[in-house]
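The values are calculated or read from the model by the stated rules, or taken from the named source; none is laboratory data. Keep in mind that this is a model prediction, so the values were computed, not measured. Heads up, the Cβs are rebuilt from the backbone with ideal geometry, glycines too, and the neighbour counts pull from every protein chain shown.
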Amino acid sequence: MGTDFGLSEDDCLKVACAFGGGMGRLQYTCGAVAGALMALGLKYGNAVNDPEEKKLLTYAKTKEFFNEFEKLHGSTNCRELLNGLNLNDPDDFKKIKDQNLFEILCEKYIVDAVNIVEKL
């Protein structure tokens, strides 16, 4: 998506890096959700001299995104989406790895976030 807007793949990876693990592994908003919102901003967001309507449209698309994602998964919070497990607790992290939650759950969240953005 970023390359469609003049950003290299490396730049996209760098700008999105801090959003992983629910914002730097703090387990706040899911990184897939944050990435989806960045994509919406690239598509619809307003720049310095753009009309206010672009910001309002972006906010409306953001609200639609949250509604759809929460309808599918019940939350946008990383810890809740990982069954309440704490990425920063060694025992919980082991459970996440042993249960393949990154592959099973997180991949689903990424796919769903992309699908929702594509619809919007």
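Only residues that are of a type in the set (A, V, I, L, M), part of a helix (DSSP H, G or I) and within 13 Å of C30 (Cα to Cα) were counted in segment 78-110, giving 3. Apart from one condition, I96 fits all of (1) without any contact (Cβ under 8 Å) to a residue 24 or more places away in the chain; (2) out of contact with any Leu (no Cβ under 6 Å at 6 or more places or on another chain); the exception is (2). Could you tell me whether segment 55-75 includes any residue that is in a loop (DSSP other than H, G, I, E, B), polar (S, T, N, Q), buried (at least 17 other Cβ atoms within 10 Å of the Cβ) and at pLDDT 95 or above? No, segment 55-75 contains no residue that is in a loop (DSSP other than H, G, I, E, B), polar (S, T, N, Q), buried (at least 17 other Cβ atoms within 10 Å of the Cβ) and at pLDDT 95 or above.
For segment 27-49, the condition of being closer than 27 Å to I104 by Cβ, touching a strand residue (DSSP E or B) at 6+ places or on another chain (Cβ under 6 Å) and not charged (D, E, K, R) holds for none of the residues. Outside any helix (DSSP H, G or I) and more than 11 Å from the chain's Cα centre (by Cα) - does that describe any residue in segment 29-43? No, every residue in segment 29-43 fails to be outside any helix (DSSP H, G or I) and more than 11 Å from the chain's Cα centre (by Cα). For segment 1-50, taking the residues that are touching a Lys or Arg at 6+ places or on another chain (Cβ under 6 Å) and buried (at least 16 other Cβ atoms within 10 Å of the Cβ), the one that is nearest to K63 (Cα to Cα) is identified as L40.
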